[in-house]
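Here, each number is a calculation from the coordinates, and none is a lab measurement. Just so you know, these numbers come straight off a predicted model, no measurement behind them. Positions of Cβ are generated from backbone atoms using ideal geometry, with glycine treated the same way; all protein chains shown enter the neighbour counts.
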Amino acid sequence: MDEPKVGVFLSEGGNQSSKVLDYDALASFAKNVAKVVLVERAKEFWRGDGLKAIVNAVKTKKLNRVVVAERLPKLSEVNIVKAVEKAGLNPFLVEVIDLEDHCARPHRNKPAEATAKAKAMLLAAIERAKLLEPLEKLEFPALKSILVIGGGIAGMQTAEDLAELGFEVQLVEKEPFLGGLASRAGRFFPTDDCAICIQAPSTDVKSITHTSRKCVYRSGFTEIQNLNVLTNSKITAVEGVPGNYRVTIEKKPRYVDEQKCIRCNLCAEVCPVEVPDDYNVKLKKRKAIYINIPEVYPPVYVIDEKACKFHECEKCVKVCPTKAVELDQKTEKKTLNVGAIVVATGFEEYDPSVIKEYHYGEYPDVVTNLQLARMIDCFGPTGGSIIRPSTREPAKRIVFVQCVGSRDRRWNPWCSSICCMISLKNAMLVKSADPETDVTICYIDIRTTGREHEYYYERARDMGIKFVKGRPTEIAHDPEDNTLIVDVEDAVSRKFLELEADLVVLATSMVPTQGTKELASMLGIELEQDGFFKEYNAKLRPTETKRKGIFLCGGATFPKDAPTSSLHAHSAALKAAKFLSTGKIVKDQKTAVIDDEYCGDCEFCPVTCPYGAISLVQKGEDHFVAQVSELQCEGCGICVGTCPLNAIELRHYRPSQMLAQMKALMSVNGTSKPLILAICCSECGHTAVDSSGMAMLEYPANVRVMKVPCTGILQIHQILEAFKAGAQGVMVVGCKTDGCHYEVGSPKAKKKVELAKMLLKEYGIEPERLEMFNLVYIEGDKFAEVAQTMTEKLEKMSPLQLSSS
Amino acid sequence: MTRYALFLGCTIPARQPHYEVSARKSLAKLGIDLVDLEGMTCCAPPPLQSIDLETSLSMAAYNISLAEEADLDIVTLCTGCFESLAIANNLLRENAKLKERVNKILSNAGKEFRGNKEVRHYLQVLMKDVGIDHLKKNVTRKLGNLKVATFYGCHSLRPSALLKFDDPERPKLFDNLVEALGAKSIWYRNKLKCCGGLLRGYADDIALAIARDKIAMATKAGADCLSTLCPFCFLTLDLGQFLMKSTYHEEYNLPILHYTELLSLSLGIDPKELALDFHKIRVDKVLSKIS
Amino acid sequence: MAHGKTAKSSGKTFLEEVRHMLGGETLASCYQCGTCASSCPVARVSERFNPREVIRQSLLGEKEEILFGDALWLCCSCYNCQERCPQKVEIADVFYALRNLAIREGKMPNIYSEFSAGLMSEGKIVPMSKFLEKKRADYGLPPLKPANMDTLRKILSATGFDKLKKKEEPQ
């Protein structure tokens, strides 16, 4: 690296800067700093002539470091960096600071103090700039192929979108047929159209156009190019990196040749084995060789391995007219190479038998909403009639119980969000099929938050469906007349009711599908406390995960109705497509580097990294060292703060750079107050300082702000160094502990600050000199307030005298 | 011989010697050695918990500390005592802050609750230390035709998280022990619901109405007798039937027997030794069915 | 509830007061689903008591109505509601907390005064019958061991139990 040649550009724009700060003094101060070869002043530097001036100076004066004081760096910095890059300088050698919102505005009533602080800020920027290193732009190859896990309503739509955008798509479904949970719902709310389209294959591709039908799946789903469907398959291993995953799939044998089966049903007719039909939630039996419904994909029978007697029987083999049954098929292992993965594993009904007071699984006439939906479906176990399973007689008195296992801290505390609508839908379908049926819904709250949903509720009342506001304590059974009795208080009328019923329908909670945990651990992505997959950020990145290249959609993140699942599916498709569209992943080198010499393979950093970017690799016989994936590293520095051996540094926030900055900030005081170093994270912490300036709030000029990527980067010795550099107090300002942009950084910093306080006490330094504050962007007022109170607190203490040793 | 500190409580000695007699005799016969400790007070059941929970917890902890000093687990005959002591024992074990608070109170009396002993209901002792098989072997008089409506009472089962007695919705322990004697445990509606006993003294009419439901349901299901585990339940349902006669003009005559009485009878103990005349509802019907 | 009565402004304070009592911690979790009411054997037979409504009143801060009312004393402590409450409100324990508060305010039903007196004189809430005590030997029962009153009094004094008394009703 060449000798630093720093150019300093002072923008005098801004309604306060020019009035408050003494720019002549600042310019001459900057000129006298070592290695500064140029100081320029202008109204603004982030566009137009100002920007040209920087470019020109970089070219003519051969600047290799650029320091700019400009308003609103969060907007202006991008332009400046781009321009500098165009001028031929590495864009990472630029430092932009904000003298308006961080200095002139908050200290506008003390111009001399403000100017002194501005000097310190300039010096810090210059000292930091001198130590900056050029970083590269990295490119990683990415396969333009995508794996979609789960062939339900969300997975199928994502797969379709992506295939039509030209990606190679592998759709993997663990069940033998596509369709998922939604396809068994009979009808959908609020459109009231049938759910069957989800699982049906195309019938006539040519005559069906996508826009003419509601159910896009039927419009040639199986005929889409680049789309390969693997049913009866599960993921067993995931290796590799974003853009290039190697996924191992186990495809269970179907025992029926997909090309030969003609769906004549002869096999099922002769099959002697009957087992409960899971597709119909055990409401009927099916044979060991079966197909869920006639119109399903793939349109091929399958043998239930657990039930079939195989060669002991062979009746199906003998009867099959096309010799399609192959009892000796074996499990196949497949390896798929994909650039990205979309998880669309959905949710399932909670088994309510654990709620013993409701006797599900014990009284046959207590069923779930899914079971009722199967009865309503004309392809279902009862051909569309609503019966009592115990007697097969028509059910004339039906009671729905809402929130079964949902909103229940004993089981699942969350509201499953769709069960109110499901019950309303099913109740209305029952009632319209036979208006004589007596239908009651026992509820805690009816939640109809979607479009058209409230009309549903209105219609249900209009149809004469009764509503009881109360959660039943139990469902009893009177053996004498085989009647169910629902014990409930109607809070509105304050009456205790014993509702007699032929059929009780439980609106059960919705939970993650089985295998969710295992899949999450294979993919290295997190689950929420409720067991559903955790999105990167629910507000702005609802279909992404913290692992680049792995996306989520549909019910995998939380129970969703069909319209919401569809939205989610299309969103995930777009995100995955964006990620792979160029066939490469471009990223900067703001990453962590590990010093192999010092790394003690303690596993702290691989475990802590929120992005899974660090792994241990073997170096020597029994020596492992941590290795950072530059592709996955987000440059937060939490690993730096975690490493007990100081073996990790961020390329763009080296300890030497931070120390130089710290010393510079503490080098000029200019006020009569004790100097405070405010170490702010680049997310909420630093922006809270911005917003306090924008809001024209005042705090004393002895408070000096230093930006770090995340407070998680802090090491205890750095805090001590701050005191050594002359700080009388240190404020660490990070995001809320549950809102850290890097997930774990701010809570870790909080703990570290507590620890450091104990250490300070040991050294005989007042622990109150150090505080952590957790703010959000808009809490500029809080920042100003704590800066003020911290100053007042320190003013009451006698000055800290640290020996220079 | 298995030794336990017997926590007798207030009601049994004061009102129901037949319970104590049958319990001492039957448990001794099955090899359970009951030790009467010095100085035990009231367990601090719901009526005292209603006055002051902190005092109640402290008293329960004090009583447990006596057993800790004697290095013995506690067995109770009264379900109310079981509940108060077991809740305190488990709650204080789980909640260090509360334990500290209670021990601060006990320190005034020079006592300390440690939490290293168990509090057991005698049914648990029968199941754990005697066992169904051994019990069956000792039965000399099978209660063959007897249809018994078991009544767990509330405070053996609930709050289940702290009592850990049996599945609160599908308890089996009592029924299994009744069937081990050769009798038949029958199902009746609202079997797990309360007898109303704790409202006696404050709202006798309500207590009686609740007890009546219990007796009516067991009678409807064809019970020869109803078996209890608790002196309060016994009193409410036995004496209660007299009151039902005067209040509702309903006569049930359903014998109420403590499980220890059924047990004593099936172990061959002479009914004359069991002080059965303390029953308000005569038990002759039961005796005639089994002898 | 009387027509037109609105929640007291002291609502929040009362909720806090109850929540800081032993047993009262879970009060605020209630979402009024009524499982407690339909579980309650007392509410089934008497209009004087509904656990859901007492909890509701507590949440609305109707302190006087609850502490000096009748309903508070009608919970039979059967724990049916608590066992089944989907929000894990420890309802029976909340009732203990409310009763403890009422007693501190001087409202102590007679039967509780009797229990308290029994405890302070003999260490037992059901007084021993002299007749039965004499008869014990006849039934083959060992002599009764008395409660350690000295120790008990120390405990009762440490918790302030011995100071809890019924206040005379204002005329």
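Below, the figures for the structure above:
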item: Rg/Rg_globular for the stretch A:589-650, with Rg_globular taken as 2.2 N^0.38 Å and Rg from C-alpha atoms; result: 0.99
item: Under-5 Å amide H pairs with residue A:441, H placed in peptide plane, nonlocal only; result: A:400, A:466, A:467, A:468
item: C-alpha center-to-center spacing [the stretch C:90-134, the stretch A:17-43] in angstrom; result: 83
item: Isotropic mean projected area of the C-alpha convex hull, the stretch B:53-197 (nm²); result: 10.0
item: Rg(Cα)/(2.2 N^0.38 Å) for the stretch C:11-104, N = residue count; result: 0.95
item: Phi to ³J(HN,Hα) by Karplus 6.51 cos²θ - 1.76 cosθ + 1.60 over the stretch A:552-566, Hz, x for Gly, Pro; result: 10, 7, x, x, 5, 9, 4, x, 9, 7, 4, x, 6, 4, 5
item: Between helix C:51-60 and chain C: long-axis angle, C-alpha atoms, 0 to 90°, nearest 10; result: 60
item: Kirkwood Rh (inverse of mean 1/r, distinct Cα pairs), the stretch A:439-578, angstrom; result: 18.4
item: Relative contact order for the stretch A:393-544, counting Cα pairs under 8 Å that sit 6 or more residues apart, in percent; result: 25
item: Chain B: most fluctuating residue of B:149, B:96, B:86 per GNM, C-alpha cutoff 10 Å; result: B:96
item: A:254, A:541, A:65 arranged by Cβ crowding within 10 Å, fewest neighbours leading; result: A:541, A:254, A:65
item: Cut-off under 5 Å, modelled amide H: who pairs with residue A:588 long-range; result: A:138
item: Cα long-axis angle, helix C:110-122 against chain C (0 to 90 degrees, to the nearest 10); result: 40
item: Quarter of Cα convex hull surface for the stretch B:2-121, i.e. mean projection, nm²; result: 7.1
item: Anchor residue A:309: lysines whose Cα lies under 23 Å away (excluding residues fewer than 8 positions away in-chain); result: A:174, A:251, A:252, A:260, A:282, A:284, A:285, A:287, A:318, A:323, A:330
item: Charge tally in the Cβ shell below 13 Å around residue C:104, where Lys, Arg are +1 and Asp, Glu are -1, residue C:104 excluded; result: +3
item: When the convex hull of its Cα atoms is projected in every direction, mean area for the stretch A:253-330 (nm²); result: 4.8
item: Residue-averaged 222 nm ellipticity for chain B, from DSSP H runs of 4+ at -39500 (n - 2.57), nearest 500; result: -14500 deg cm²/dmol
item: Vicinal HN-Hα couplings computed from phi for the stretch B:229-246 (Karplus, 6.51 cos²θ - 1.76 cosθ + 1.60; Hz; Gly/Pro x); result: 10, 8, x, 5, 4, 4, 4, 4, 8, 7, 4, x, 5, 5, 5, 4, 5, 6
item: Fewest-first sequence of B:279, A:741 by Cβ atoms within 10 Å of each Cβ; result: A:741, B:279
item: Length-normalised contact order of the stretch A:671-798 in % [C-alpha pairs under 8 Å, at least 6 apart]; result: 37
item: Neighbour-count ranking [beta-carbon atoms within 10 angstrom, fewest first] of B:189, A:184; result: B:189, A:184
item: Residue-averaged 222 nm ellipticity for chain A, from DSSP H runs of 4+ at -39500 (n - 2.57), nearest 500; result: -8000 deg cm²/dmol
item: Under 5 Å, built H, 5+ apart or other chain: amide partners of residue A:97; result: A:68, A:69, A:70
item: The stretch C:20-37 - phi-based ³J(HN,Hα) in whole Hz, Karplus 6.51/-1.76/1.60, Gly and Pro as x; result: 8, 7, 4, x, x, 4, 9, 3, 5, 6, 4, 10, 6, 7, x, 4, 4, 4
item: Modelled FRET efficiency - R0 30 Å, residue A:250 with residue A:311, Cβ distances, 0.05 increments; result: 0.85
item: Between helix C:91-104 and chain C: long-axis angle, C-alpha atoms, 0 to 90°, nearest 10; result: 80
item: Principal axes of the protein assembly as shown: Cα extent on each, largest first, Å; result: 119, 93, 73
item: Anchor residue B:136: lysines whose Cα lies under 24 Å away (excluding residues fewer than 8 positions away in-chain); result: B:25, B:29, B:128, B:147, B:172, B:184, B:272, B:285, B:289
item: The stretch A:253-330, relative contact order in percent, only Cα pairs under 8 angstrom and at least six apart counted; result: 44
